[in-house]
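S.K.: I'd like to ask some things about the structure below.
Any read-out appearing in this document is the output of simple, stated calculations on the displayed coordinates, not a laboratory observation. Since the model is a prediction, treat every value here as computed from it, not as a measurement. No Cβ is skipped: glycine too gets one built from the backbone with ideal geometry, and neighbour counts run over all protein chains shown.
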């Protein structure tokens, strides 16, 4: 059994909109990335190395102290923290299959570790916003972005770094990297957070499973179109 299971009716309404948008998105990406003379294989150009990847590292003259062994002789594994999980990598649809194919219907897995404080959650996340999930306004869309959570329980901020949006009714994706970041301010309350800016984001559940952190919630948009929100890292 899983926690917070939504009604079957809601799930059945969401399924067609998500699958149609997802399939069209993958089709568009495939058409754009497969060269005409290579119909059976997509060629992806290697990205230029980042500055931090090519910078020389000056070795230190001091010897590194190995981690202390436990009484059994084993060396403890390093603790996974919010800082180490923070990522600025751009998201894609595959990052959110855990949500679109599972959690959106069945809720948070029963064996997940619930995170009930903001401490381990600050830093950057991959994010997905699904607009009009029940297809009630003919405004279905999937928006990919990065979200940075900063601050403390009494005063926190979400910075939304827009990346790409796919409109289901147009069958096209649009680059949003030149758009100004959105800033939302709010608080941590009752095991989740809310933050308001151009609308209000409510992330009601945070949890950890298999070395990753997840968050789910909703967004109240300025034009009244309902939206679902999912975050993941690394």
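S.K.: How would 124, 157 line up from fewest to most surrounding beta-carbon atoms within 10 angstrom?
M.R.: Final ranking by Cβ density, sparse to dense: 157, 124.
S.K.: Still on this structure: Divide, for segment 175-234, the radius of gyration over alpha carbons by 2.2 N^0.38 Å, where N is the residue count.
M.R.: Scaled against compact globular proteins, the figure is 1.24.
S.K.: While we're looking at this one, here's another question. How do 110, 84 rank when sorted from fewest to most other Cβ atoms within 10 Å of their own Cβ?
M.R.: In increasing order of surrounding Cβ atoms, one gets 110, 84.
S.K.: Calculate the length of the line joining the C-alpha centroid of segment 167-191 to that of segment 95-160, in whole Å.
M.R.: After rounding, the separation between the Cα centres reads 11 Å.
S.K.: Next question, about the same structure. Just rank 187, 126, fewest to most, by other beta-carbon atoms within 10 angstrom.
M.R.: 187, 126
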